[in-house]
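One structure is given below, encoded as structure tokens.
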Amino acid sequence: MNKPKNKAAVVKVKSDIEKSVLDFLKKGMDNEIFDAVLIPMKVPAGDSFAYVLIKDKSLLKDASYLPPVMPVQGANAVSSITRLGKGKMKIAAVMRPCETRATVELTKLGQTDLENIILISMDCPGVLPLSDFVNDSKKGMKLFNESIKKEEDKEMRPVCQICDKSSMIAGDLHIGTLGAKKDTFFVISNSDKGDEILSKLKISKNEDLDSWLSKVKNISEEKLKKRKNAHKILKSQVGGLDNLLDTFSQCINCHNCMRVCPVCYCRLCYFDSDKVKHPSDDYLMRAEKTGSLRCPSDITLFQMGRMMHMSLSCVSCGMCEDACPMDIPVAQIFSMVADETQDLFDYVSGRDIEEPLPFVSYKEKELEEMEDAA
Amino acid sequence: MERKIGVYICECGPNISEKIDIDKVIDAVSKLDGVSVAKRYKLLCSEEGKKYLLDEIKKQGLTHLVVSACSPRDHEKTFMEICEKAGINPYLFQMANIREHCAWITENKDDATKKAIRMTKAAIRRVRYHSSLEKKEIEGNPDVLVIGGGIAGIETCLQLANSNRKIYLVEKTSSLGGLINNFEKTYPNMVPGSDIIKQRIEDIKKNENIQVFTDSEVEEIIGFLGNFEVKLKKVSEENVPVEFNVGAVVLATGSSVFDPEKTPQYGYKKLDNVITSLEFEEMNKSGKISLANGEKPKTVAIIHCVGREKVGYCSDICCMYSLKFVRYLQDKIPNIKVFNFYSDLCIPGKTYQKFYEQTIEKNVDLIRSTDINIEKKANKISVIYKDENKNKKTLSVDMVILSPAVIPNSDTNKLAEITSISQGDGGFFAEEHEKLGPVSTTTEGIYIVGSAQGPKDISSTIIQAEAATGKILTSLIPGKKIEPEIKVSHISESLCIGCKTCLSVCSYGAITFDETKKVSVVNEVICRGCGNCVAACPSGAASIKHFTFDQLYQELVEAVQ
Amino acid sequence: MKKDDEFLPKIIAFLCNWCSYAGADLAGTSRLKYPPSILPIRVMCSSRVDPLFVIKAYLGGADGVLIAGCHPGDCHYEKGNYYTRRRFAVLKTIAENLKLESDRLKLSWISASEGPKYAKVATEFTEQIKKVGENHTKNQIFL
Amino acid sequence: MTKAIVINKTADQGLTEVLKFLLENDRVKGVFTLKKINKEGDVSYSLITNADDLKDSVPFYPLMPVNAAKILSRFTLKGPSDVPIVAVLKPCELRAFIELVKREQGSLENLFFISSTCAGVFPLEMGKERLIEKNLSKYFEKIKKLEILDDLRPVCRSCEEFVPYNADMTVKLIGENIDKKSIIFLNTKKAEKLVEGIKLDVSEKDLDKKTLDNFKSKRAEEKKKIFADIDKKTNGIDGLIDLFGRCIGCHACREACPICYCKLCEFDSSDCEYKPSNYEIELRKRGGLRVPPGTVYYHLGRLDHVTISCVGCGSCEDVCPVDIPLSAIFKKVGESVQKMFDYIPGRDPKEDLPITTFEKEELTEFEE
């Protein structure tokens, strides 16, 4: 992976980008480069989207490569298909950059098998908050399309507004719309698999990528600024135990954040296991210390435990916040924490499948600032 | 290891080959994932067929076997044995019943072929998810505990006792023999009861393999076939209980009779010369049938079916012994007049009919009657009744003999609790199956003999004793280990949440609860493998070997495809 | 002789080993005729049939699901079929409430000696399913 | 007639006084009740051991942050409480706990239950938006007039089981002047003993049956509407796909459901994972398949697992991030299944669960 990205292929847009992307995928199936496509599709009721594994080409026309919401994290979809084995089908999986990055993390964790998967990402404008969308999908669609047209992100989810990796390529192919000439888009290859597909489709990658690279560079730098700033503010709000407790005060312990988190892959979460179930006198004792004990208890323990477990792999996809029935800014908090923990090892989750997980590797000389010099 | 499934389709002579296009089936399945060979053969269950299959498994180096042929109820065992011979685990095998369930019931050959393909595919898919199961063997103690020293218990002991099998006979009273001791004669051949019982009791005492505990009661029985821990206690004594281990238990606690005081209309205990059958047997045995005033009765009424409505069943033996009483009376008191009041006569079988006909030849009136009331009238007793036409009539006699219904022995309830054997109609011990398991119970290794299971006469009691003996001798062979059911349930300790749903649906008490770990545990020796607990468990903690969720679900998926 | 276009239902039949499967065998050995729509799945006791199997079968596109066991009181495992009946009743009630064509589900007691009954049930149930028509969940993508 | 404590205060204040008495006089060692936990006035269940902390308690705050049965179950899962504890909960929460106890997921030992005639609660959403405070007065005005407030959760608006079973004390919370007078009925000897010597006037009273029946009939009306409405939606497989299509598979409904008590849910287990070959089969059949699959299967399966014991507490719907009308579906199905066994979940701890027992002669209409 990580081949020099100075050249890319270019595809002419016929009516609109969506159709052309789908057309590109259909070509892939026609030429039997892949047997199926994993891609979001509007659900029959039209009020949301879901990933669908498509084998019958005729279904492709209803797919949408850039849905306005993220009801399921693509990484979970890929792992659902390949966790028990790569299978016989070659599958093109179309998803957003944060989803491909989560997929890469899950691969490191043995939850997916990418051998027969072709990961295709695209420049991501962000997605809308899920609950608002499902309650008025028409309005949602309108909002989303306008935001794209105006290149605005104020309607998008908070984590999306501060995402500096919205065009990071972790997969095999990437649909680049930024900086592309009118009525065209780039198809950027990021792996041998990617190259192979392009050549099989006889699409030569002779187009200069500088325009895309510089546009992406600008956006991510600008977003990174926003991100650092946002984290700074957030830190002042949730930093310190009291603030933290206050932030989670409405948490009802439904563990939704964990359930929808792509990198929370345990079959039975530690915080649902027997290890967190105690005899009555234990709860009583804790109540007596302070006069009363909030129930369900151990909310903060759960949240911090989760940070410990997954912040190194967190891709700031925002699923947790979407799923939180109490609108706790979980995703923003986790993205803040994740940035810092990942910085420790100069690790970026999902950036590169070759990068080992920090917790399964070490350097002889590192983290000295954490050690007691004496 | 790579899966190599061999699929063999039996022509079963013309039975299958004429109804199903076997080659089409072979084409349809031979390309399937994991199938390394698919072939047809004329008759797989024949000697040469078996040999052919054996060689194939070896030659092809098969890991799994699928046979599309007849019903697994016919030949599953046959082919499993071949697998074992060929060195693959017999449970890596699946049968598709394309004869009974397809070839024979389908009109049209196309349809039959399509269905056969479907069934074979399903079998192939299922077998992919089979896993090897190993035979379990546990030490089986051949010794037997027999509870009850009546004819039922005695007969069972004598049948069972042999050089290398110890029998423990427990009797709560001080002497063996039970009710028969009182019978001067027994129907239909009027042999003295003593003739039947005396010699047997002698034999018991002589036999050093039989250890008799009189005045003793069973306190505790814990375990399963081949291994029951038994505790005895001497009645009315505070001594330490006797403890020993047996492989099987026989319940032969017999029966007693309904108490006529519960049916006041018969005047029992209120009027002189109204006695029960058992009292009459004793009186007769003593040789002196007489009224309270010492005189001989000239007229006697025998009332059948006393308490029948109350218990709700026909006691089966009363009619016969009531007729036997007629013989007693006629032998001892010439030209005595006897009246038998009955509601239905129960005279089954070839010999009984003859006995009945001979008995009623002289001086006997059989009166079909209802609503009987017995009252004192002067120095006589009058029997007031409605005849078949519902006309009220009265008849006065010197003596009335009541033939009360047969009921379970008093200590049946206590034993039922100790052995956790359920009680059926009327409180008798419940057999495993009315038709198919008349002497077995729901607990393997515990059997019922004689009237502990329901009213019985001597001959059918003997039959049961022999039946139970047969069961025990074949299931517990000295020196031979017992092989409990292999396809049993298992409950995952890590998944069980301890809601005890499984405990309440298990018919066999095979599941216990580990109070410290708060999880259910299956006793694999007791479990019969019905799978009820598996379907009952909401969290999939319970599973059953060879009928796992995966195996059945994958079979299903293929079948509906 | 049936036309090829005629709809032949796919009916999953869970048969308990001791009664209903034996009954089905008897139907075969007595050469009784019934439609090839029935696809038998053998279980030791009808109480092994997890309602989830039935749901799976229905969502998987089975046109009908038959659960058959020993007659009440005759269960080889004493009382398994009583629980089967309760589970079935619950499932059927759910299906009725959600208008999920509950006619596709059937519970039947067939003893080892009731070959004719098995053939009768198989035929009648198939006819019933033909009236209900094909189960279209098999074409659903968004399950 | 039953003994009842009468206090000229609001129900909240009145009961809080009683609770205070219980803690201060060591009648109980702890109190489970709703309590304000921060300056924003967010409310959560708390285990209170110090009488002073009762000042923030709001026992009858019209919100169900979580179903209290889950909390009590967690509290007594590893064994009964060694010391007396009193819990204030809603009728449906109490019923749910009884159902859990039947499944060995908790213990009644050493627990006292205080409940109320329940007027229903607001959606969790409003708690999140902190809108409840503003609506409290409206809430009480409505119940005083025995009217049903539209803002309440549908499952509450249609609840006919608003009088608690198995409560040691029942607080009157439906009917006139509940804001001036709190009446606390002592249903059990246990309860009478518990408050023995309390410095409050105890008199003989009765829950006004007429009022409750009147209220119940209004609820029944509401239920008819809600059921009729959901009945239109639960229309065969297409209806279910429309209803559950938006489900994101977070299984929050199960997490929040008091009856879902499994350590590992069947639907998270390997049983429900599709093998590659299963995907191939499904694709051959359907041409395409939603991933992860099994959305409808999950909801149908969960329905089958919990329907017998569903108390219609509405937690599932409260936590659903995409607002699927789960409670109406589960309540409607639950009631018809329970009716079949003449079973009311949580009515009586001694009643067997219908799935763990059977009658030889029953349900013959289902068999052939």
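The values are calculated or read from the model by the stated rules, or taken from the named source; none is laboratory data. Here the structure is a predicted model, which means the values were calculated and not measured. Positions of Cβ are backbone-derived with ideal geometry, glycine not excepted, and every protein chain shown enters the neighbour counts.
Side notes on the structure shown:
Listed here are the residues, each with its yes/no results for (1) among the polar types (S, T, N, Q); (2) within 24 Å of the chain's Cα centre (by Cα); (3) crowded, with 17+ Cβ neighbours inside 10 Å; (4) more than 25 Å from A:LYS200 (Cα to Cα).
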{"residue": "A:LYS7", "(1), (2), (3), (4)": "no, no, no, no"}
{"residue": "A:ILE17", "(1), (2), (3), (4)": "no, yes, yes, no"}
{"residue": "A:GLY28", "(1), (2), (3), (4)": "no, no, yes, no"}
{"residue": "A:GLU32", "(1), (2), (3), (4)": "no, no, no, no"}
{"residue": "A:ALA36", "(1), (2), (3), (4)": "no, yes, yes, no"}
{"residue": "A:LEU60", "(1), (2), (3), (4)": "no, yes, yes, no"}
{"residue": "A:SER64", "(1), (2), (3), (4)": "yes, yes, no, no"}
{"residue": "A:VAL69", "(1), (2), (3), (4)": "no, yes, yes, yes"}
{"residue": "A:SER80", "(1), (2), (3), (4)": "yes, yes, yes, yes"}
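- Which listed residue, of C:VAL49, C:VAL90, is closer than 30 Å to B:LYS435 by Cα and within 7 Å of another protein chain (Cβ to nearest Cβ): C:VAL49
- Restricting the stretch B:103-118 to residues that are within 7 Å of chain C (Cβ to nearest Cβ) and of a type in the set (A, V, I, L, M), the residue that is nearest to B:LEU65 (Cα to Cα) is B:ALA112.
- Flag if D:GLY314 is outside the structural domain of D:ASP168 (by TED's automatic domain parsing) and either buried (at least 23 other Cβ atoms within 10 Å of the Cβ) or within 21 Å of C:LYS106 (Cα to Cα) (or both): yes
- Failed item, numbered, when A:ASP298 is tested on (1) in contact with a helix residue (DSSP H, G or I) (Cβ under 7 Å, 6 or more places away or on another chain); (2) within 29 Å of D:VAL31 (Cα to Cα); (3) at the interface with chain D (Cβ under 7 Å from one of its Cβ atoms): (3)
- Residue in the stretch B:93-109 that is polar (S, T, N, Q), in a loop (DSSP other than H, G, I, E, B) and at pLDDT 90 or above present: yes
- Residue that is more than 8 Å from every other protein chain (Cβ to nearest Cβ), farther than 30 Å from B:ALA123 by Cα and in a helix (DSSP H, G or I), where the choices are B:ILE477, B:ILE462: B:ILE462
- When the residues of the stretch A:239-270 are filtered to those that are assigned to a helix (DSSP H, G or I) and surrounded by fewer than 19 Cβ atoms within 10 Å (Cβ to Cβ), the one that is nearest to the other protein chains (Cβ to nearest Cβ) is A:ASP246.
- Matching residues in the stretch C:106-127 - criterion: being more than 11 Å from chain D (Cβ to nearest Cβ) and either exposed (fewer than 15 other Cβ atoms within 10 Å of the Cβ) or not polar (S, T, N, Q) (or both): C:ALA112, C:SER113, C:GLU114, C:GLY115, C:PRO116, C:TYR118, C:ALA119, C:ALA122, C:GLU127
- Selection within the stretch B:1-41 - over 45 Å from the mean Cα position of the chain (by Cα), surrounded by 15 or more Cβ atoms within 10 Å (Cβ to Cβ) and either acidic (Asp, Glu) or in a loop (DSSP other than H, G, I, E, B) (or both): B:ASP21, B:LEU32, B:GLY34
- Filtered by the rule that a residue be of a type in the set (Val, Ile, Thr) and over 14 Å from the mean Cα position of the chain (by Cα), the stretch C:108-143 gives C:VAL132, C:THR137, C:ILE141.
- The stretch B:495-528, subset charged (D, E, K, R) and facing another protein chain (nearest Cβ under 8 Å), residue nearest to the chain's Cα centre (by Cα): B:ARG528
- Top-ranked residue in the stretch B:511-527 [being free of Cβ contacts under 8 Å to residues at least 60 places away in the same chain and in a loop (DSSP other than H, G, I, E, B); ranked as surrounded by the most Cβ atoms within 10 Å (Cβ to Cβ)]: B:CYS527
- Elements of type strands (runs of 3 or more DSSP E) in the stretch A:47-155, at least 3 residues being more than 19 Å from D:GLU280 (Cα to Cα), at pLDDT 95 or above and among the acidic types (Asp, Glu): none
- Scan of the stretch A:42-57 for residues that are more than 8 Å from chain D (Cβ to nearest Cβ) and without any contact (Cβ under 8 Å) to a residue 60 or more places away in the chain, ordered by number: A:LYS42, A:PHE49, A:LYS57
- Single unsatisfied condition, B:MET283 versus (1) over 29 Å from the mean Cα position of the chain (by Cα); (2) touching a residue at least 12 places away in the same chain (Cβ under 8 Å); (3) not in a loop (DSSP other than H, G, I, E, B): (2)
- Within the stretch C:57-74, being at the interface with chain B (Cβ under 7 Å from one of its Cβ atoms) and over 20 Å from C:ARG85 (Cβ atoms) holds for C:GLY60, C:GLY61, C:ALA62.
- Strands (runs of 3 or more DSSP E) completely within the stretch B:342-420 that count 3 or more residues being in contact (Cβ under 8 Å) with a residue 24 or more places away in the chain, within 30 Å of B:SER460 (Cβ to Cβ) and touching a Lys or Arg at 6+ places or on another chain (Cβ under 9 Å): B:364-368
- A count restricted to the stretch D:130-161 and to residues that are surrounded by fewer than 21 Cβ atoms within 10 Å (Cβ to Cβ), in a loop (DSSP other than H, G, I, E, B) and in contact (Cβ under 8 Å) with a residue 60 or more places away in the chain stands at 6.
- Condition met for D:LYS263 (over 22 Å from D:CYS118 (Cβ atoms), of a type in the set (D, E, K, R) and in a loop (DSSP other than H, G, I, E, B)): yes
- Residue in the stretch D:79-119 that is surrounded by the fewest Cβ atoms within 10 Å (Cβ to Cβ), counting only those that are β-branched (Val, Ile, Thr) and under 17 Å from D:VAL31 (Cβ atoms): D:VAL83
Here's the yes/no breakdown for (1) aliphatic (A, V, I, L, M); (2) more than 10 Å from every other protein chain (Cβ to nearest Cβ); (3) crowded, with 19+ Cβ neighbours inside 10 Å; (4) touching a strand residue (DSSP E or B) at 6+ places or on another chain (Cβ under 7 Å):
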position: B:PRO484; (1), (2), (3), (4): no, yes, yes, yes
position: B:HIS490; (1), (2), (3), (4): no, yes, no, yes
position: B:GLU493; (1), (2), (3), (4): no, yes, no, yes
position: B:CYS530; (1), (2), (3), (4): no, no, yes, no
position: B:ALA535; (1), (2), (3), (4): yes, no, yes, no
position: B:ALA541; (1), (2), (3), (4): yes, no, yes, yes
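- Among the residues of the stretch D:321-336, those identified as part of a helix (DSSP H, G or I) and either of a type in the set (Val, Ile, Thr) or touching a residue at least 12 places away in the same chain (Cβ under 8 Å) (or both) are D:LEU326, D:SER327, D:ALA328, D:ILE329, D:PHE330, D:LYS331, D:LYS332, D:VAL333, D:GLY334, D:GLU335.
- Of the residues in the stretch D:285-297, at least one is more than 7 Å from chain A (Cβ to nearest Cβ), more than 21 Å from C:ILE94 (Cβ to Cβ) and out of contact with any His (no Cβ under 9 Å at 6 or more places or on another chain).
- The residue that is surrounded by the fewest Cβ atoms within 10 Å (Cβ to Cβ), among those in the stretch D:239-279 that are charged (D, E, K, R) and at the interface with chain A (Cβ under 9 Å from one of its Cβ atoms), is D:GLU273.
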